[in-house]
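The values are calculated or read from the model by the stated rules, or taken from the named source; none is laboratory data. Note that this is a predicted model, so its numbers are computed, not measured. Here the Cβ positions follow ideal geometry from the backbone for every residue, glycine too, while neighbour counts run over all protein chains shown. Note: areas computed on protein heavy atoms with side chains; ligands, DNA, RNA excluded. Shrake-Rupley method; radii C 1.70, N 1.55, O 1.52, S 1.80 Å.
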Amino acid sequence: QVQAVESGGGLVQPGGSLRLSCAASRRIFSINTMAWYRQAPGQQRELVAEFHSGGSTNYADSVKGRFTISRDNAKNTVYLQMNSLKPEDTAVYYCKITVLGQGYWGQGTQVTVST
C-alpha cells in the first residue's frame, strides 16, 4: 500500500505563488507517474500536471507557463510550483502516484486565490 502525503496549500492573493509537495509514504522503485489534479466546487477533477518516470512532463493548457512540476526521485516526492496564481486556480489539489499501473491518491490540499 502506498500513501501520498500532500502539503503546501493555503490562501494567496492573485498574482502570488505557492509550492505544493507530495511525498510517497515509503520508498518505491516502480513509480510510473506522479501527478497533480485539482477539483473546484461543482467541477470535475482535472489533470493539472504530470511527471513521467522517463522525465517527460505534461501540463493543462490553463497552467502552462505558470506552473512547474518537478520530482525528486531520491525522496519519492513531487512538487508543483504555482506562480501568477489566479482566482480560477482555486480548488482542492490532489496528488496521484501511479505504481505499476495502480493509482494512489492523496487526501487533497486546499488552494484559495483571493483578495
Worksheet item: In this structure, is F29 open to solvent by 30 Å² or more (accessible area, probe 1.4 Å), assigned to a strand (DSSP E or B) and modelled with pLDDT under 95?
Response: no
Discussion item. I'm trying to understand the selection: among the residues of the range 25-68, which are free of Cβ contacts under 8 Å to residues at least 12 places away in the same chain and in contact with an Asp or Glu (Cβ under 7 Å, 6 or more places away or on another chain)?
Written reply: N58
Practice prompt. Scan the range 32-47 residue by residue and report those that are part of a strand (DSSP E or B) and open to solvent by less than 40 Å² (accessible area, probe 1.4 Å).
Written response: T33, M34, A35, W36, R38
Discussion item. Conditions first: (1) touching a residue at least 60 places away in the same chain (Cβ under 8 Å); (2) farther than 20 Å from P41 by Cβ; (3) not in a strand (DSSP E or B). Y104 passes all but one, so which condition is the exception?
Written reply: (3)
Worksheet item: What residue, of E50, E88, is surrounded by 15 or more Cβ atoms within 10 Å (Cβ to Cβ) and either in a strand (DSSP E or B) or out of contact with any Cys (no Cβ under 8 Å at 6 or more places or on another chain) (or both)?
Response: E50
Discussion item. Please go through the range 53-79 and give me each residue that is open to solvent by 60 Å² or more (accessible area, probe 1.4 Å) and either closer than 16 Å to G8 by Cα or modelled with pLDDT under 95 (or both), ordered by number.
Written reply: S53, G54, S56, T68, N73, A74, K75
Worksheet entry | Within the range 15-24, tally of residues that are open to solvent by less than 60 Å² (accessible area, probe 1.4 Å) and under 15 Å from N83 (Cβ atoms) | 4
Worksheet item: Which residue out of L47, L80 is of a type in the set (A, V, I, L, M, F, W, C) and more than 15 Å from E6 (Cβ to Cβ)?
Response: L47
Worksheet item: Hey, among the residues in the range 97-110 that are closer than 26 Å to G15 by Cα and within 11 Å of the chain's Cα centre (by Cα), which one's surrounded by the most Cβ atoms within 10 Å (Cβ to Cβ)?
Response: T109
